[in-house]
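Just below is one structure, and these are the notes that go with it.
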Amino acid sequence: MKTISTMGSDLVNTLVLVFVSFALGLGINRMRVAPLSMTYQSPEQRLSAELAQLIAAPPMQLNSSDSIGFNRFRTIFQSGSGLILDARDKAFYDQGHIPGALSLPRDDFAASYKALRPTLDRHRDQPIVVYCSGGDCHDSRLVAGALMSLGYGEVRVFSDGWQGWTDNGMPEAH
Amino acid sequence: MKLHNWLILWVMSVALGGLFIYAGWTKSLGPQAFADSIASFKILPAELIVPIALSIPPFEILAGLLVFVGWQRRAGLLAITLAMAVYCLAIGSAMVRGLDVNCGCFGPVSNLRPGVELLRDLLILVCSVATYVLAVTTPGRIRSLQ
């Protein structure tokens, strides 16, 4: 009987914790520089909306030949013959990224693209390789597709991503 | 209740509390990425995805802190247990439906197969249930040491 009463009071405290967390989560979001919209939009919808600010064209779809594996990417990295872009959130880029890579996060594409545009235009005739977390992440494909829509010709996706890079013991920049 | 029971409770609380603080912190770094992870499960309507994605990181951090620090430890352990049960059900349901999901449990970097994630979460669930039972049956520190 005492155990049931204990569990009951624990459950009440847990419910209080749920409500406090809910209020805290919404409050913190309101204080963010770019608060999340309360209605969810898929990555494709968000990027399309951002692209619409830049150009009046839908994002291009990539095919498998637009992806490169670890060995080809390492060659580009070591020769410095291409521009490397990190499509993950800026917070994860700040935690660690491929040396020399520039941050072009999918979730802040329009603003970041505008800031990076002079650099991107200087590399218009060189390979531009985009990566994200690795595995089945979509950010790199979406950003690469957006760059193709914007007229950049040789855009590739490093399919192994950050996970593949670190798994192979390659250097990291912070 | 004996000293070794209190020691087990303390070690498990530090481990579970620390794990949840870390998990909540990694989720709070990328709320949009976490919302995308929740959406990939195709369980919640679009109106609930963002509020829940914003609430889970503080929930995990607060629950972890309660368990770690020891104030309202049982409530924190119950919160962790209920959360883990929900996560296991969500991953299991996604596996049954053949969905390609990223659980976002420790941030967006996760190359674990859903089956491995489910096993990991089931292990944490078992640990949290056991720790909660131990916390209910173990009196406070001072009384236990007397």
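A few comments on the model shown:
- GNM top mover of B:Leu122, B:Leu66, B:Leu29 - chain B, alpha-carbon springs below 10 Å: B:Leu29
- In this structure the amide hydrogen of A:Val157, modeled in the peptide plane, comes within under 5 Å of the amide hydrogens of A:Ser67, A:Ile68, A:Val130, none closer than 5 places in sequence on its chain.
- Angle between chain B longest axis and helix B:46-69 axis [Cα atoms, degrees, rounded to 10]: 20 degrees
- Within 10 Å of each Cβ in B:32-45, the average number of Cβ atoms from other chains: 4
- For a straight C-alpha distance cut-off of 12 angstrom, the aspartates and glutamates reachable from B:Lys42 (same-chain residues fewer than eight places away being disregarded) are B:Asp100.
- Computed log10 I(q)/I(0) for the range A:95-146 at 0.20, 0.21, 0.22, 0.32 Å⁻¹: -0.76, -0.84, -0.93, -1.47, from the Debye equation with unit scatterers placed on every C-alpha and solvent omitted.
- Backbone phi angles across the range B:18-29, fed through the Karplus curve with coefficients 6.51, -1.76 and 1.60 (θ = phi - 60°), yield HN-Hα couplings of x, 4, 6, 4, 5, 4, x, 5, 5, 5, 5, 5 Hz in residue order; Gly and Pro are listed as x.
- For chain A, excluding the exposed loop sites themselves (trypsin sites (Lys or Arg not before Pro), DSSP loop, at most 14 other Cβ atoms within 10 Å), the longest remaining stretch covers A:33-123.
- Helix-only [θ]222 nm of chain B, DSSP H runs n ≥ 4, -39500 (n - 2.57) each, per residue, nearest 500: -26500 deg cm²/dmol
- Of the chymotrypsin sites (Phe, Trp or Tyr not before Pro) in the range B:45-102, the ones in a loop by DSSP (not H, G, I, E or B) with at most 15 other beta carbons within 10 Å are B:Trp71.
- Relative to the longest principal axis of the Cα atoms of chain B, the long axis of helix B:73-96 makes an angle of roughly 30 degrees.
- Placed amide H near A:Ser103: partners under 5 Å, 5+ positions off or other chain: A:Asp86
- Within 10 Å of each Cβ in B:65-77, the average number of Cβ atoms from other chains: 2
- Both radii are taken from the alpha-carbon atoms of the range B:3-140; with Rh as the Kirkwood radius, Rg/Rh is 0.99.
- A cut-off of 5 Å between modelled amide H atoms, ignoring neighbours fewer than 5 places along the same chain, links A:Gly134 with A:Trp162, A:Gln163.
- At most 14 other Cβ within 10 Å, DSSP loop - trypsin sites (Lys or Arg not before Pro), the range B:47-130: B:Arg97
- Each residue was assigned an accessible area with a 1.4 Å probe, and for A:Tyr152 the value is about 0 Å².
The values are calculated or read from the model by the stated rules, or taken from the named source; none is laboratory data. Just so it is clear, the model here is predicted, and its values are computed rather than measured. Using ideal geometry, Cβ is built from the backbone for each residue, glycine included, and neighbour counts are taken over all protein chains shown. In case anyone asks, the SASA skips ligands and DNA or RNA and just uses the protein heavy atoms, side chains included. Shrake-Rupley method; radii C 1.70, N 1.55, O 1.52, S 1.80 Å.
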